[in-house]
Amino acid sequence: MSAPEFVYTVYIAAPVERVWNALVDGDVTRKYWGHENRSDWKPGSRWEHVRAGPDGVVDIAGRVIEIDPPRRLVTSWHSPDGEGDPARTSQVTYEITAMGEESKLVVTHSDLNEPGMRAGVSQGWPLVLSSLKSFLESGKGLAALDRKVKELSD
Amino acid sequence: MEEVFRALADPSRRLLLDRLFAAGGQTLGQLAAGMPMTRQAVAKHLAILEAANLVSVHWQGREKLHYLNPVPIGEIVKRWVGKFEDARVEALTDLKSHAETKEKRNVRT
C-alpha cells in the first residue's frame with residue numbers, strides 16, 4: 001500500500017469506548033460532525049455519511065473494510081457519484097489507543113487521488129477532530145449553541 | 001498548550017512544518033536534506049514537534065514518515081473563536097431577557 005496522504009492525531013480525555021462510540025453512533029456524530037454516520041458496522045457493509053437535517057443528503061459513502069471495536073475501523077470513502085470507481089475511492093483508518101486516562105485517536109487517509117476530495121479532506125479533518133475532542137471533553141460544541149437557540153425559540 | 005507554543009517559537013521548527021505542509025509523509029533523511037543543520041539537529045526538532053502533537057508519525061515498513069498534524073492549532077483557534085461564538089449566543093439571550101422585561105413593563109403601563 002502507498003503511504004497515506006494525511007495522518008491526524010488527537011488526544012482526548014475520554015475512555016476508548018466513548019471515542020469509538022463517537023465514530024459509529026449517528027446520534028453522536030450529528031452533534032459534533034453535522035453528519036450521521038450510518039451503517040450496521042459489519043465487515044463488507046455499506047456506511048453512509050448523511051448530512052443532518054430533513055433532506056438526509058448522503059455526502060460520503062463507502063464500505064466497512066475492517067472493524068475491531070473499540071480499537072480499529074477501516075472504511076472506504078468516496079463521494080456518492082464516485083461509487084464503484086477505484087480511482088475515486090480512498091481509504092480511512094481510525095485507530096484508538098488507551099493512553100492512561102486519555103485516548104489517542106489516529107486518523108489516516110490514504111489513496112486520495114481526487115484533487116477536490118483531497119482539498120476538502122485536508123481542511124475538514126482538523127476541524128472535525130477538534131470538534132470531537134471538545135464535544136467529548138466538555139459535552140459542549142455545537143450542542144451548546146443548539147440548546148441556547150432552542151431556548152430562545154421556546 | 002504550552003508545548004505547542006514552545007514548539008512553534010523556533011523558526012527551524014516552523015520551517016519543518018512548512019515543508020510537511022507542502023508534502024506530507026517525509027522521512028528524516030528527506031527533511032534533513034534541505035535544512036542548514038545536521039541530521040541530528042533535525043531529528044531533535046522533529047522529536048519536539050512530535051511531543052507537541054504538531055507532527056504525526058506513520059510507519060511504512062521500516063520507514064518513519066512524518067506528517068503535519070494541525071489539530072492542536074485548531075484547538076487554539078477554537079478556544080478563542082469559541083469565545084466569540086459564546087458571546088454571540090449570550091447576546092441573543094440578553095436580547096430575550098431584555099424583550100421580556102420590556103413586555104412586562106408594557107403590561108404594567
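The values are calculated or read from the model by the stated rules, or taken from the named source; none is laboratory data. Quick caveat, the model's predicted, so the values are computed rather than measured. Cβ coordinates were reconstructed from backbone atoms using ideal geometry, including for glycine residues, and neighbour counts include every protein chain displayed.
A few comments on the model shown:
- Complete set of residues in segment A:50-69 that are within 19 Å of A:Val128 (Cα to Cα) and modelled with pLDDT of 95 or more: A:Ala61, A:Gly62
- Test result for B:Ser56, among the hydroxyl-bearing types (Ser, Thr, Tyr) and at pLDDT below 95: no
- Per this entry, A:Val64 is not counted among residues that are surrounded by 13 or more Cβ atoms within 10 Å (Cβ to Cβ) and under 30 Å from B:Thr27 (Cβ atoms).
- Here A:Trp33 passes the criteria (1) in contact with a strand residue (DSSP E or B) (Cβ under 6 Å, 6 or more places away or on another chain); (2) crowded, with 17+ Cβ neighbours inside 10 Å; (3) closer than 24 Å to B:Leu68 by Cβ except the one numbered (1).
- Enumeration of residues in segment A:46-68 that are out of contact with any His (no Cβ under 9 Å at 6 or more places or on another chain) and not in a strand (DSSP E or B): A:Gly53, A:Pro54, A:Asp55, A:Gly56, A:Val57
- Condition check for A:Ala3: touching a helix residue (DSSP H, G or I) at 6+ places or on another chain (Cβ under 6 Å) and either over 15 Å from A:Ser131 (Cβ atoms) or assigned to a helix (DSSP H, G or I) (or both): no
- Of everything in segment B:35-76 that is facing chain A (nearest Cβ under 8 Å) and aliphatic (A, V, I, L, M), the residue that is surrounded by the most Cβ atoms within 10 Å (Cβ to Cβ) is B:Val71.
- Residue count for segment A:1-30, restricted to those that are under 22 Å from B:Val71 (Cα atoms), charged (D, E, K, R) and under 13 Å from the mean Cα position of the chain (by Cα): 1.
- Evaluating B:Arg39 against the criteria (1) out of contact with any Ser or Thr (no Cβ under 8 Å at 6 or more places or on another chain); (2) within 30 Å of A:Val92 (Cα to Cα); (3) modelled with pLDDT of 85 or more leaves one unmet condition, (2).
- Residue within segment B:3-24 that is part of a strand (DSSP E or B), surrounded by 14 or more Cβ atoms within 10 Å (Cβ to Cβ) and of a type outside the set (Lys, Arg) present: no
- Condition check for A:Ala52: more than 20 Å from A:His35 (Cβ to Cβ) and hydrophobic (A, V, I, L, M, F, W, C): no
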